[in-house]
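What follows is a single structure, written as structure tokens, with notes after it.
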Amino acid sequence: MEEKNIVYQNNKIIPESIFEEAKTALSFYPELKDVEIEFRYKEDIKKSFMQAQPRFSNLFKGKKNRSYFIYISSRFLIEEEEFSMAEVPSEVLIGWLGHELGHIMDYREKSAMGLVIFGLRYVTSENYIKEAERAADTYAVHSGMGDYILATKDFILNHSHLSDHYKERISRLYLSPEEILVLVNKLEEDLENVEKDGR
Ligand SMILES: [Zn+2]
């Protein structure tokens, strides 16, 4: 997507279309004022809508000199329904960005080797994913973003046609927006398979 970027706080690069939302989310994290973060659209993010990660080229230059990316997909799927960025309400977007900034808070505490190991575990261990997602949400909630985080989760749940029974189960669990999205899409797949087998 060709779009103008805005430089904010001298060290944040933010696409114009999400500037206001990013600015609001950042206002909850004064600790990140001196941290370089680039928000960037990316075409295909695996099974997700956003993704925070350290910039590899300066990963080993010490905790203070690290910088980070928050990748954002211009669209995402909830069950078979595709949403474009423009359809996502502001508060949902703020909540989602706040969750990603929570990941960066968590990454800041880790050593470079710790982050490499983290990256490897994240892709191989479900428990590790849960732990990392919980840490990100916890940072966001402690920073005062609880209502935004809930708005993000509600958005996903209200746009899926799963039974109330499933929705209730999902919303009772303490899960991040990504985890809920993965679960919703997986449950949908499972339901389809059950229907096929029953035929
Ligand atoms: Zn996450």
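Can you say whether Glu20 is in a strand (DSSP E or B) and either at pLDDT below 95 or not aliphatic (A, V, I, L, M) (or both), as far as the supplied structure shows?
On the way: in a strand (DSSP E or B): no; either at pLDDT below 95 or not aliphatic (A, V, I, L, M) (or both): yes.
It is false that Glu20 is in a strand (DSSP E or B) and either at pLDDT below 95 or not aliphatic (A, V, I, L, M) (or both).
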Among the residues of segment 96-105, is there at least one that is out of contact with any strand residue (DSSP E or B) (no Cβ under 8 Å at 6 or more places or on another chain), assigned to a helix (DSSP H, G or I), within 15 Å of the ligand (Cβ to nearest atom) and among the charged types (D, E, K, R)? no
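Results for (1) assigned to a loop (DSSP other than H, G, I, E, B); (2) within 15 Å of the ligand (Cβ to nearest atom); (3) modelled with pLDDT of 85 or more, shown as yes or no for each residue.
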site: Ile14; (1), (2), (3): no, no, yes
site: Glu31; (1), (2), (3): no, no, yes
site: Gln51; (1), (2), (3): no, yes, yes
site: Lys61; (1), (2), (3): yes, no, no
site: Tyr68; (1), (2), (3): no, yes, yes
site: Leu77; (1), (2), (3): no, no, no
Residues that are away from the ligand (no atom under 16 Å from the Cβ) and in a loop (DSSP other than H, G, I, E, B): does segment 141-152 have at least one? no
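Conditions (1) surrounded by fewer than 19 Cβ atoms within 10 Å (Cβ to Cβ); (2) closer than 27 Å to Asn10 by Cβ; (3) out of contact with any Phe, Trp or Tyr (no Cβ under 9 Å at 6 or more places or on another chain), marked per residue:
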{"site": "Ser57", "(1), (2), (3)": "yes, yes, yes"}
{"site": "Lys61", "(1), (2), (3)": "yes, yes, yes"}
{"site": "Arg66", "(1), (2), (3)": "no, yes, no"}
{"site": "Phe69", "(1), (2), (3)": "no, yes, no"}
{"site": "Arg75", "(1), (2), (3)": "yes, no, no"}
{"site": "Glu80", "(1), (2), (3)": "yes, no, yes"}
{"site": "Gly98", "(1), (2), (3)": "no, yes, no"}
{"site": "Gly102", "(1), (2), (3)": "no, yes, no"}
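The values are calculated or read from the model by the stated rules, or taken from the named source; none is laboratory data. Please read all numbers here as calculations on a predicted model, not as lab measurements. Heads up, the Cβs are rebuilt from the backbone with ideal geometry, glycines too, and the neighbour counts pull from every protein chain shown.
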